[in-house]
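The values are calculated or read from the model by the stated rules, or taken from the named source; none is laboratory data. Remember, predicted model here, so these are calculated numbers, not experimental data. Here the Cβ positions follow ideal geometry from the backbone for every residue, glycine too, while neighbour counts run over all protein chains shown.
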Amino acid sequence: MFGKLLGYQKLENRILLQFEEKVCYIEIMEETVIRIFASLEEKEQISYGITELSRQQYCNACQQVSVQIEQREQGLVIKTGKLWVEVNDDFKVDIYNNQHEILCRDYRMERESFMQPEAGWQQAAQEGHTIQEKTGKHKIQVIKTMEGEEVFYGLGDKTGFLNKRGYEYEMWNSDIPDPHVDSFRALYKSIPFFITMRNSHFYGIFFDNPHKSVFDMGKESEKYYFFGAEQGNLDYYFMYGNTMADVLKSYMGLTGTHPLPQLWTLGYHQSRWSYETSQEVREIAKSFRENDIPCDCIHLDIDYMDGCRVFTYSPEGFPDMKELIQQLNQEGFQIVTIIDPGVKLEEGYPIYDQGLELDCFVKDKEGTNYTNWVWPGTVVYPDFSDEKVRSWWGENHRYLIELGVSGIWNDMNEPASFHGELPDDIQFSEEGQGADHRRIHNVYGHLMSQATYEAWKKYKKTRPFVITRACYAGTQRYATAWTGDNHSIWAHLQMAVPQLCNLGLSGMAFVGTDVGGFGSDCTPELLCRWVQTGCFSPLFRNHSCKGSRRQEPWAFNQETLDINRKYIKLRYRLLPYFYDLFWEHERNGLPVIRPLVLEFPEDRNTWEMNDQFMVGSHILVAPVVNQGQRMRLVYLPEGIWEDYWTGERHVGGTYIKREAPLEVCPMYIKAGTILPNYPEIAYTGEKKIKQLILEVYEGEGEYYHYQDNGKDFSYQEGVYNQYLFRLSENRKLQLDIIHQGYEEGYTTFLIRWKGREKQICFVQDTQIVLLDEIESEVL
Ligand code: GLC
């Protein structure tokens, strides 16, 4: 395809490679990040994953990188301080570290199929079995040699287990209501990024191509893995790191992090399709307070609208919408409303009329507005790939802001369509340069989230809260996401752990599943176990489908209610810890919920750990995800771990047996942790938190704690406080404030140590607390 390598030329950070058939390039982004590029399209390709700003930042950083280029027998060798990149004929690229150890090499042989033609395979198809045909050759195809024990993580929301080796996936945002099982090739999100680990070498590849693409991580052959696409460019980034976290940080550097959310968004959310009247919403809110269950947010699903027309509300169900929201706000509940992209085709409906007038809808190839069918009936689709449409759409949110709505839930934005998928040739603007559905499909939800985020920021001025179902790489810049329509089945509780962990490794830090499961009928036991996992997921929302059994915390029996209360309260105690993790994420890209392998990659036991996870690096959770199970094995990696419930200490590096009656979700705190807690609250704004509780776990460690007003962007101007807590082996706790910009900081700290408490006043100088003294104090 490319032919012989004839020569090269260095232009700033790009090394142009003259092949017989084409000029390609390798771009040095920094010492450990390179871009491999060949243009196969005529038009300029916009990157949705990478912002101009991060490209600019990389461009500045790359000026510092010294690059050496040597023409050798084996090809052209490009050296940065950390990488050796050998380029050969046909644009074959082999990458080594600076010790010349292999990281990743292009595969030179022909692809070979694992599938041998078997006589009569159609018989299996007759019974209804899906026989997947061999993935054909793609116009763009990158095949990498499997060097040995590679394991693969990331790839977005794909079903199945944590390690993606041996499986094949497709990137094509898909709304499939059947229970999502391991054999699904695609779901709602397309995040073409993965991280590889082999022999303590870590690298990531981001294939920045929004078209339908395939990722075969060794299903076709054990000798190689590959990714490819039919259209777009050959355009991928290779990121090398000393740790998995380094690789992830580079990816986040390219695609951006999730901006710090408002504090209330980290509380508990209650949803159902749908709470249909004001009265019902008031009752739900009342039940939370009466049952002493903290809650910050109630979601209104499609039935709040007038016949599912976006930017309206139902005059029958919600005649007093504004008063309802006002009253609930006063009681500490935020209201989030769903907004789908499909606009009802109906003359006289202002949104449709306006959109028509401004020419905002996507077209078929004859230039007629394209229609399909979603909840409101026949709909047209806004063309979010056009700046003008994004700002028109955004402006419409003023209506909801005016009503007092606190956040927007963007659904059905794959885009979903009930009368068959949008045809390939549906026309989009793509900022005026023109593109068809094949190119925009995977970024449609991303662009819709961008429109919503930017409007919210502009008109409401608080940190936007946007939830989206469909994503592309980089959607974290605009939205939190949930994993779509799961079911109330144990398999989906099990899947929640690897799915959320892989989303975190794909850049999506603010994610959650529908707690209790969306479709099918929940059981009391399943809800108990789900709330135990769900209370640790960044987005904590119970949501369920019309026609399914109710699953609010009080829907079953006293025991289920008590267990819900216990874990929702635990979440509220841990809110400052979650908030700290989000602050950390915005700065370094690390996820909130993490697979063990991210923290302990050298420990083989963690590589395929599908039923345990870390929250940050201090809390290890080993939830029960099997029906009837009342005891489980817990793997504790190296170190000392304290049982959160009993205080028992364990030496890690081994499995332990833990009793897990229905009310217990096993969780362990790393020795040396200083865990910030809030006092008991019914919702986040209930009172000003003037006292921070510090739970101290014996050992050695340090902890950065962050505090601000939890609402707006003033933190970006320095209106925040940052504290550093240090614990030494000799049981000395040192408290410092290292940034002071937020005036309403804490007045006291409450130190919890071995079952005792001591309150100390906050002063600006270093404070030392001798924990032994707390222990010996007579109570
Ligand atoms: C989709 C969403 C679900 C929502 C329903 C009705 O199925 O995934 O969460 O409740 O639509 O809006």
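Things worth noting here:
- Conditions (1) surrounded by 23 or more Cβ atoms within 10 Å (Cβ to Cβ); (2) within 16 Å of the ligand (Cβ to nearest atom); (3) over 11 Å from the mean Cα position of the chain (by Cα); (4) not basic (Lys, Arg): number failed by SER520: (1)
- Among the candidates GLN691, GLN716, the residue that is within 25 Å of ARG289 (Cβ to Cβ) and surrounded by fewer than 19 Cβ atoms within 10 Å (Cβ to Cβ) is uniquely GLN691.
- Evaluating ASP157 against the criteria (1) loosely packed, with under 13 Cβ neighbours inside 10 Å; (2) modelled with pLDDT of 90 or more leaves one unmet condition, (1).
- For segment 751-768, the tally of residues that are under 14 Å from VAL696 (Cα atoms) and out of contact with any strand residue (DSSP E or B) (no Cβ under 7 Å at 6 or more places or on another chain) stands at 3.
- Only one of the numbered conditions (1) in a helix (DSSP H, G or I); (2) among the polar types (S, T, N, Q); (3) in contact with a strand residue (DSSP E or B) (Cβ under 7 Å, 6 or more places away or on another chain) is violated by GLN532, and that is (3).
- Taken across segment 272-292, residues that are touching a Cys at 6+ places or on another chain (Cβ under 6 Å) and within 30 Å of TYR567 (Cα to Cα) do occur, with at least one present.
- Subset tally (residues that are among the β-branched types (Val, Ile, Thr) and in a loop (DSSP other than H, G, I, E, B)) for segment 340-365: 1
- Meets criteria (hydroxyl-bearing (Ser, Thr, Tyr), surrounded by 21 or more Cβ atoms within 10 Å (Cβ to Cβ) and within 21 Å of TRP753 (Cβ to Cβ)) for TYR644: no
- Looking only at segment 719-747, and only at residues there that are touching a Lys or Arg at 6+ places or on another chain (Cβ under 7 Å) and surrounded by fewer than 16 Cβ atoms within 10 Å (Cβ to Cβ), the one that is farthest from VAL696 (Cα to Cα): GLU744
- The number of residues in segment 493-521 that are within 28 Å of ILE205 (Cα to Cα) and either assigned to a helix (DSSP H, G or I) or of a type in the set (Gly, Ala, Ser) (or both) comes to 15.
- One residue alone among ASP364, ASP320 is at pLDDT 95 or above, under 25 Å from PHE465 (Cα atoms) and not hydroxyl-bearing (Ser, Thr, Tyr), and that residue is ASP320.
- Any hit, segment 437-447, residues being assigned to a strand (DSSP E or B), within 24 Å of PRO192 (Cβ to Cβ) and among the charged types (D, E, K, R): no
- Residue tally, condition surrounded by 24 or more Cβ atoms within 10 Å (Cβ to Cβ) and within 16 Å of the ligand (Cβ to nearest atom), over segment 476-487: 6
- Count of segment 271-287 residues which are in contact with a helix residue (DSSP H, G or I) (Cβ under 6 Å, 6 or more places away or on another chain) and surrounded by 22 or more Cβ atoms within 10 Å (Cβ to Cβ): 1
- Here the condition is being at pLDDT 95 or above, in a loop (DSSP other than H, G, I, E, B), over 29 Å from the mean Cα position of the chain (by Cα) and surrounded by 13 or more Cβ atoms within 10 Å (Cβ to Cβ); of GLY699, GLY672, GLY710, it holds for GLY699 alone.
- Restricted to segment 206-253, the set of strands (runs of 3 or more DSSP E) holding at least 1 residues that are free of Cβ contacts under 8 Å to residues at least 24 places away in the same chain, at positive phi and hydrophobic (A, V, I, L, M, F, W, C) is empty.
- Qualifying residue in segment 301-309 (condition: part of a loop (DSSP other than H, G, I, E, B), over 32 Å from the mean Cα position of the chain (by Cα) and either within 16 Å of the ligand (Cβ to nearest atom) or polar (S, T, N, Q) (or both)): no
- Residue check, TYR58 within 15 Å of MET239 (Cα to Cα), in contact with a Leu (Cβ under 8 Å, 6 or more places away or on another chain) and either in a strand (DSSP E or B) or among the aromatic types (Phe, Trp, Tyr) (or both): yes
- In segment 565-589, the residues that are at positive phi and modelled with pLDDT of 95 or more form Cβ pairs under 7 Å with partners that are buried (at least 23 other Cβ atoms within 10 Å of the Cβ) and part of a helix (DSSP H, G or I), at six or more places apart or across chains, as follows: GLY589/LEU248; GLY589/MET252.
- Listed by first and then second residue, the pairs with beta-carbon distance under 7 Å, at least 6 apart or on different chains, first residue in segment 357-386 and in the same structural domain as ASN442 (by TED's automatic domain parsing), second among the hydroxyl-bearing types (Ser, Thr, Tyr) and buried (at least 24 other Cβ atoms within 10 Å of the Cβ), are PHE361/TYR381; VAL362/TYR381; TYR370/TYR381; PHE384/TYR444.
- Qualifying positions in segment 246-259 - over 18 Å from CYS104 (Cβ atoms) and either among the hydroxyl-bearing types (Ser, Thr, Tyr) or surrounded by fewer than 21 Cβ atoms within 10 Å (Cβ to Cβ) (or both): LYS249, GLY253, THR255, THR257, PRO259
- No other residue among SER617, SER544 is modelled with pLDDT of 95 or more, farther than 28 Å from TYR251 by Cβ, outside any helix (DSSP H, G or I) and hydroxyl-bearing (Ser, Thr, Tyr) apart from SER544.
Quick grid of which residues meet (1) more than 29 Å from ASP175 (Cβ to Cβ); (2) more than 16 Å from the ligand (Cβ to nearest atom); (3) of a type in the set (S, T, N, Q):
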| position | (1), (2), (3) |
| --- | --- |
| VAL511 | no, no, no |
| VAL515 | no, no, no |
| VAL531 | no, yes, no |
| LYS569 | yes, yes, no |
| GLU586 | yes, yes, no |
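- Residue match in segment 392-414 (condition: in a helix (DSSP H, G or I), in contact (Cβ under 8 Å) with a residue 24 or more places away in the chain, more than 19 Å from GLY484 (Cβ to Cβ) and among the hydroxyl-bearing types (Ser, Thr, Tyr)): yes
- Just one of the listed residues (LYS687, LYS657) is more than 26 Å from HIS585 (Cβ to Cβ) and either within 26 Å of the chain's Cα centre (by Cα) or part of a loop (DSSP other than H, G, I, E, B) (or both), namely LYS687.
- Cβ-Cβ under 7 Å pairs, at least 6 apart or on other chains, segment 639-668 side over 17 Å from ILE563 (Cβ atoms), far side among the aromatic types (Phe, Trp, Tyr) and part of a loop (DSSP other than H, G, I, E, B): GLU642/TYR697; TYR668/TYR644
- Members of segment 65-109 found to be small (Gly, Ala, Ser) and free of Cβ contacts under 8 Å to residues at least 60 places away in the same chain, listed by number: SER66, GLY81
- Counting the residues of segment 160-180 that are crowded, with 22+ Cβ neighbours inside 10 Å and among the β-branched types (Val, Ile, Thr) gives 0.
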